[in-house]
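Encoded as structure tokens, the structure appears first; notes follow it.
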């Protein structure tokens with residue numbers, strides 16, 4: 001059994017291969033992130049900020065490497081950015097069916113439409129940063145509106 005770095009990078013970048021969904025890979029990736037986001041909600045809040053920060057950095061690294069492997073600056077199969085963005089969306093929010101449902105809709109709304117400054121972040125950064133940071137901003141917007149709703 002040999003160690004294949006590229007397969008491991010692609011596995012994480014594609015959200016356990018949920019990014020290979022035949023249509024709407026970003027939506028599929030966000031749906032597949034729900035158990036991960038729910039599990040992270042059990043981390044004490046004092047540590048969750050650190051965990052989310054490191055996960056964002058990990059997402060940038062993995063996205064950057066995956067874009068090099070796939071020879072595409074923003075491959076649609078890479079959905080770890082959706083995992084990171086939805087994690088930010090649900091950060092500090094109590095997990096329930098209603099909060100996950102509303103958070104999912106809000107995050108997908110901002111991630112798909114990319115209003116200002118989300119669109120600018122996508123263009124301003126290169127590599128993994130460009131792939132991930134627009135989703136982080138979409139997650140921040142979604143989080144703030146979700147707090148108003150709840």
Relative to the longest principal axis of the chain, what angle (0 to 90°, nearest 10) does the C-alpha long axis of helix 25-40 take? 60
Between 80, 136, 34, where does the largest GNM mean-square fluctuation fall for the chain, given springs only between Cα atoms within less than 10 Å? 34
Under a Gaussian network model of the chain whose springs join Cα atoms within less than 10 Å, the largest fluctuation of 71, 82, 122 belongs to 71
Sites residue 97 and residue 8, calculated FRET efficiency, Cβ-Cβ separation with R0 41 Å, nearest 0.05: 0.80
Highest mean first, what order results for 40-47, 143-150 on Cβ atoms within 10 Å? 143-150, 40-47
In nm, the gap between the two label points placed 7 Å beyond Cα toward Cβ at residue 17 and residue 109 is 3.5
Approximate spin-label separation residue 51-residue 116, in nm, with each point projected 7 Å along Cα-to-Cβ: 3.7
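Read-outs throughout are calculated quantities, based only on the coordinates presented, and are distinct from any laboratory measurement. Keep in mind it's a predicted model, so treat the numbers as computed, not measured. Here Cβ is always computed from backbone atoms with ideal geometry, including for glycine, and neighbour counts include all displayed protein chains.
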